[in-house]
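The values are calculated or read from the model by the stated rules, or taken from the named source; none is laboratory data. As the structure is a prediction and not an experimental result, all values here were calculated from the model. Glycine gets a Cβ as well: all are built from the backbone with ideal geometry, and neighbour counts include every protein chain shown.
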Amino acid sequence: MAAKIALEFSKLSFRFRQYAFDIEQKVIEKPKSRFVDLMIDEILKIHQPKLQLPQVRVSRRMRSTLGSYMPSRKQIAISSRLLAMGDDEDVREVVLHEVAHAIVHARFGNKPRAHGREFKAVCKELDIEPKRYVDVSTEKWQMRIRYAARCNFCNLLIVRKRRMPFARCICGSKIYPKSWQAISETERRQDFDWVMI
Ligand SMILES: [Zn+2]
Ligand SMILES: [Zn+2]
């Protein structure tokens, strides 16, 4: 019963205050990258059918960088913030840029310069801007970041707008979180949910 009440409370306080509330004993996962893998498969099928890439790695450490390609592992990584808070077009541009690096590597090995002639040619094939960086405005993301900590007495998640030295849970306990996990609502899923970023 307590959990139910807590959820009702959280919905209400979310709607009206949007800065401090507690949510159920939820597991907060990484944002889902399945649709990115599907998108990459579709692109490779057309442009580089023999190339197979491992699943995209979602990185919570990447802050200023939104995507990367590691040739030794053929690994594309994208920022969890991009995945959780970027719009589809942002994600698409970053992913295609990294796919272009992967295709250049598959065709020419390590010889070409990172954003040289070969890269530009592949970008043209993929119909993306042959730029060194993908412009994604990330300022608006900051407003959507929240911080979560678990109450060590009742196990509820406590969500705040800032990392606070302590927080009061609705169970009445005062907790002093050692660390707050950055989270965000995801818009990419039908059901309202929170993800780690
Ligand atoms: Zn690049
Ligand atoms: Zn509690």
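As a summary of the residue check, Met143 satisfies the conditions (1) in contact with a helix residue (DSSP H, G or I) (Cβ under 6 Å, 6 or more places away or on another chain); (2) over 19 Å from Glu29 (Cα atoms); (3) of a type outside the set (Gly, Ala, Ser) except for the one numbered (1). Restricting Arg92, Arg146 to those that are of a type in the set (D, E, K, R) and in contact with a Ser or Thr (Cβ under 8 Å, 6 or more places away or on another chain) reduces the list to Arg146. Taken over segment 39-70, residues that are closer than 28 Å to Ile28 by Cβ and surrounded by 14 or more Cβ atoms within 10 Å (Cβ to Cβ) amount to 15.
Kindly provide the set of residues from segment 116-159 that are part of a helix (DSSP H, G or I) and either within 16 Å of ligand 1 (Cβ to nearest atom) or surrounded by 12 or more Cβ atoms within 10 Å (Cβ to Cβ) (or both), ordered by number. Spell out how you get there, then give the answer.
First, pick out the residues of segment 116-159 that are part of a helix (DSSP H, G or I): 117-126, 139-144.
Selection gives Arg117, Glu118, Phe119, Lys120, Ala121, Val122, Cys123, Lys124, Glu125, Leu126, Trp141, Arg144.
The set of residues from segment 69-91 being in a helix (DSSP H, G or I) and away from ligand 1 (no atom under 15 Å from the Cβ) comprises Ser72, Arg73, Ser80, Arg81, Leu83, Ala84, Met85, Asp88, Glu89, Asp90, Val91. Within the option set Pro177, Pro165, being under 19 Å from Arg60 (Cβ atoms) and more than 16 Å from ligand 1 (Cβ to nearest atom) holds for one residue only, Pro177. Has segment 106-115 got at least one residue that is in contact with a Lys or Arg (Cβ under 9 Å, 6 or more places away or on another chain) and buried (at least 19 other Cβ atoms within 10 Å of the Cβ)? Within segment 106-115, none of the residues are in contact with a Lys or Arg (Cβ under 9 Å, 6 or more places away or on another chain) and buried (at least 19 other Cβ atoms within 10 Å of the Cβ). Tyr19 falls short on exactly one of the conditions (1) modelled with pLDDT of 95 or more; (2) loosely packed, with under 14 Cβ neighbours inside 10 Å; (3) not hydrophobic (A, V, I, L, M, F, W, C), and that condition is (1).
So how many residues does segment 69-83 have that are in contact with an Asp or Glu (Cβ under 7 Å, 6 or more places away or on another chain) and at pLDDT 95 or above?
Start the filter on segment 69-83 by keeping residues that are in contact with an Asp or Glu (Cβ under 7 Å, 6 or more places away or on another chain), which leaves 69, 76, 82.
Of the ones still in play, those that are also at pLDDT 95 or above are 69, 76.
The total comes to 2.
Taking each residue of segment 95-113 that is within 11 Å of ligand 1 (Cβ to nearest atom) and looking for partners that are acidic (Asp, Glu) and part of a helix (DSSP H, G or I) with beta-carbon atoms closer than 7 Å, six or more apart or interchain, yields Val104/Glu118.
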